[in-house]
Amino acid sequence: DTEVTQTPKHLVMGMTNKKSLKCEQHMGHRAMYWYKQKAKKPPELMFVYSYEKLSINESVPSRFSPECPNSSLLNLHLHALQPEDSALYLCASSQEFVFSGNTIYFGEGSWLTVV
Amino acid sequence: GQQLNQSPQSMFIQEGEDVSMNCTSSSIFNTWLWYKQDPGEGPVLLIALYKAGELTSNGRLTAQFGITRKDSFLNISASIPSDVGIYFCAGHGSGNTGKLIFGQGTTLQVKP
């Protein structure tokens, strides 16, 4: 089973709203990731959690706030977003992070539209 | 930083034709991963390569980790309409970092 589950599939939010994206994996992976993807572009790394600790923040604006409640769950809290934040948000996981030979598995993504 | 050059950018082929796409880098990579992404979906892993020279098949797909560790190719044989999508190469560069570097993608269209 190489499944990463993301909810919701689609989210429309106003610029003053607070919402969250959720991600879950049960593969025993200890690294989890958030990526942002614009149409027809490759995914861009936002955050990496390794063993439930934030390892990388790719200079992401503070209106995006990640949270890793346990080794299976990853959240992305959204507040005061801008229309240009509209994109596909992808969660991913891998066995480890600091190990270049590991394989990264992606979820189906959450489509976010900011109005 | 390390970059991947993926080509071609797009392809429009007839059903039944074979397809080849590749990724190159000016620096060494330790792993190569090939993903396919359908519209509105997340990338799905097709093939993972971990050793220089490795040649791996997955059904009609074949991928190779270049012997110089600076390139990889993906071949699709006898294409079918459901092969349509965007194909991304990705890899882990030297330095034992877990950050995945992506190519810009190859958009494949198949004419029935």
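The values are calculated or read from the model by the stated rules, or taken from the named source; none is laboratory data. Worth saying up front: this structure is predicted, and the values here are computed from it rather than measured. For neighbour counting, all protein chains shown are included, and Cβ atoms are generated from backbone atoms with ideal geometry for every residue, glycine included. Remember, those area values only see protein heavy atoms, side chains included, never the ligands or the DNA or RNA. Shrake-Rupley method; radii C 1.70, N 1.55, O 1.52, S 1.80 Å.
In region B:8-27, how many residues are closer than 14 Å to residue B:70 by Cα and surrounded by 15 or more Cβ atoms within 10 Å (Cβ to Cβ)? Steps first, answer last, please.
Kept after step one, since they are closer than 14 Å to residue B:70 by Cα, are these residues of region B:8-27: B:22-27.
Now restrict to residues that are surrounded by 15 or more Cβ atoms within 10 Å (Cβ to Cβ): B:22-25.
Residues that pass the stated criteria total 4.
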Flagged pairs (Cβ under 6 angstrom, 6 or more apart or on separate chains; first in region A:62-85, touching a residue at least 60 places away in the same chain (Cβ under 8 Å); second surrounded by 15 or more Cβ atoms within 10 Å (Cβ to Cβ) and part of a strand (DSSP E or B)) are A:78/A:19; A:81/A:114; A:83/A:114
Subset of region A:44-71, residues among the polar types (S, T, N, Q), outside any strand (DSSP E or B) and more than 21 Å from residue A:88 (Cα to Cα), comes to A:71
If you go through B:74, B:55, B:108, B:61, the only one that is in contact with a helix residue (DSSP H, G or I) (Cβ under 7 Å, 6 or more places away or on another chain) and away from chain A (no Cβ under 12 Å) is B:108
Note on residue A:16: of the conditions (1) assigned to a strand (DSSP E or B); (2) among the hydroxyl-bearing types (Ser, Thr, Tyr); (3) over 14 Å from the mean Cα position of the chain (by Cα), unmet is (1)
**Request:** Restrict the check to region A:91-112 and report whether at least one residue is away from chain B (no Cβ under 14 Å) and either assigned to a loop (DSSP other than H, G, I, E, B) or within 14 Å of the chain's Cα centre (by Cα) (or both).
**Result:** no
By residue number, the members of region A:75-90 that are away from every other protein chain (no Cβ under 14 Å) and either acidic (Asp, Glu) or closer than 24 Å to residue A:29 by Cα (or both) are A:75, A:76, A:77, A:84, A:85
Considering residues that are open to solvent by 20 Å² or more (accessible area, probe 1.4 Å) and within 15 Å of residue A:7 (Cα to Cα), the number found within region A:71-95 is 3
Practice prompt. State whether the residues of region B:84-95 include one that is open to solvent by 50 Å² or more (accessible area, probe 1.4 Å), within 13 Å of chain A (Cβ to nearest Cβ) and without any contact (Cβ under 8 Å) to a residue 40 or more places away in the chain.
Written response: yes
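Which one of these is crowded, with 16+ Cβ neighbours inside 10 Å, in contact (Cβ under 8 Å) with a residue 40 or more places away in the chain, within 11 Å of chain A (Cβ to nearest Cβ) and of a type outside the set (Asp, Glu): B:43, B:39? Reasoning before the result, please.
Details: B:39 fails: crowded, with 16+ Cβ neighbours inside 10 Å.
Residue meeting the stated conditions: B:43.
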